[in-house]
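Asker: Please see the structure below; I have some questions.
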Amino acid sequence: MLPSDEAYELLGLTRELADGELAPRVARFEQQGEFPREVLRTLGRAGLLGLPYPEADGGSGQPYEVYLQVLEVLAGSWLAIAEAVSVHTLSCFPIAAHGSERQRKSLPDMLGGDLLGAYCLSEPQGGSDAAALTTRAVREGEDWVITGTKAWITHGGQADFYNIFCRTGGTGAAGISCVVADAVTPGILPQVPERTMGLRSSPPAQIVFEGARVPADCLVGEEGSGFRIAMQALDAGRLGIAACAVGLAQAAVDYAAGYARERQQFGRAIGEFQGVGFMLADMATQVSAARALMLAAARLKDAGRPFSIEAAKAKLFATDVAMRVTTDAIQVLGGAGYVSDHPVERWFREAKVLQIVEGTNQIQRLVISRSLTRG
Ligand SMILES: Cc1cc2nc3c(=O)[nH]c(=O)nc-3n(C[C@H](O)[C@H](O)[C@H](O)COP(=O)(O)OP(=O)(O)OC[C@H]3O[C@@H](n4cnc5c(N)ncnc54)[C@H](O)[C@@H]3O)c2cc1C
């Protein structure tokens, strides 16, 4: 489908921001491990933090297909920023889709980027088996009192609000609810950020909940509906991760191709050797296929049709492609690919995380295979 004039302009604006605001900062922020809050504010002011949500709520009312292309451009410049936009967009979902009238009053600040969100599902004892989570919220009078530990939380310690998936009932998925809490709530204790392989400007952190007391009306949706909300958010979020993977992989193809045109060995450009040229051809083809899969799933979502299996396929394929393509990009650069003078070693480190977050690629295979074997 051809982009609308509005989408075309939006993608142009995103490219300008990627070149003008992201590219000049990425190396320094990644090296120093500094969280780019100001850059995210700039993106918020440009309308990029609430793209797929309705204008009536303070979003931009863009089709998911367009939002994913914006993420792709951002990821090609700075993955931590694209991932931050994706996680923030995911974090706005519970209130945008299931929030009460009072909760929805915060949406313009969330979607405008004044309030940064975090999505707290994983725990130290359980990431893949999310339905087994143990963080508990107990009703005491007019409050919920939350106790437990969440792990690997992107924007942990940086976020203004936390979506907390916690147990309010018995075992299993049906005992889980979603509570949204202000980050400054006493008893919400972000821990020291993790020392990560990539995404060093935005490392995740554990969040300890030590009797954190939040008002009863912070429950999002009905009691016991938290797991369903979490999974709905992840279906859409996985497409965001696929878009990050496509953007990262495309950047690696472009960089490696540029290098192969310039680098001379045996008296000619290395790209003229079939071994290198065919590697580039395979890289470019895989990226195109990943993009096509991602956009096909997004179009299903935009049409209001079931898309979760297609989203799982897109996440699985695109992130595996990003890992392969960034590995091959290092090979094309030879020794130069192994040092931080070129961005390909960073892209390689960053690609790895995309195979893990929002459901590992084994979990995506589980989702896809179950749809085939159980119908
Ligand atoms: C940088 C980063 C950011 C993150 N951000 C967030 C966030 O913002 N919010 C959040 O809630 N979580 C976040 N996560 C957590 C992430 O979603 C989990 O790491 C992921 O879901 C895997 O869980 P786990 O690490 O506990 O691994 P485990 O569940 O312990 O899995 C370990 C291995 O076993 C495999 N495995 C597990 N079960 C099965 C099975 N049934 N079949 C086949 N293989 C299986 C997995 O695929 C994996 O290879 C983040 C993680 C990272 C690294």
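The values are calculated or read from the model by the stated rules, or taken from the named source; none is laboratory data. What you see is a predicted model, and the numbers here were worked out from it, not measured in a lab. Cβ: placed from backbone, ideal geometry, glycine included. Neighbour counts: every protein chain shown. Only protein heavy atoms, including side chains, enter the accessible area calculation; ligands, DNA and RNA are left aside. Shrake-Rupley method; radii C 1.70, N 1.55, O 1.52, S 1.80 Å.
Asker: Being closer than 21 Å to G156 by Cβ, assigned to a loop (DSSP other than H, G, I, E, B) and within 24 Å of the chain's Cα centre (by Cα) narrows it down to one residue among P203, P186; which is it?
Answerer: None of the others qualify; the one that does is P203.
Asker: Run G47 past the list (1) over 15 Å from G117 (Cα atoms); (2) within 17 Å of the chain's Cα centre (by Cα); (3) part of a loop (DSSP other than H, G, I, E, B) and report the number of the one that doesn't hold.
Answerer: (2)
Asker: Take L115 and decide whether it is within 30 Å of L48 (Cβ to Cβ), buried (at least 20 other Cβ atoms within 10 Å of the Cβ) and within 12 Å of the ligand (Cβ to nearest atom).
Answerer: No; evaluated as a whole, the condition is false for this residue.
Asker: Let me ask something else. Quick check on E272: is it open to solvent by 40 Å² or more (accessible area, probe 1.4 Å) and closer than 14 Å to A256 by Cα?
Answerer: Criteria met by E272.
Asker: Can you pull out every residue in the stretch 354-371 that is without any contact (Cβ under 8 Å) to a residue 40 or more places away in the chain, within 21 Å of C120 (Cα to Cα) and near the ligand (Cβ under 7 Å from one of its atoms)?
Answerer: Result: I356, single match.
Asker: Let me ask you something else. I need the full set of residues from the stretch 219-256 which are within 30 Å of Y338 (Cβ to Cβ) and among the charged types (D, E, K, R), in order please.
Answerer: D254
Asker: Could you go through the stretch 59-78 and let me know if any residue there is within 12 Å of the ligand (Cβ to nearest atom), open to solvent by less than 20 Å² (accessible area, probe 1.4 Å) and within 19 Å of Q355 (Cα to Cα).
Answerer: no
Asker: Scan the stretch 134-144 and give yes if some residue there is under 23 Å from G224 (Cβ atoms), touching a Ser or Thr at 6+ places or on another chain (Cβ under 9 Å) and not in a strand (DSSP E or B), otherwise no.
Answerer: So far as the stretch 134-144 goes, yes, one or more of its residues are under 23 Å from G224 (Cβ atoms), touching a Ser or Thr at 6+ places or on another chain (Cβ under 9 Å) and not in a strand (DSSP E or B).
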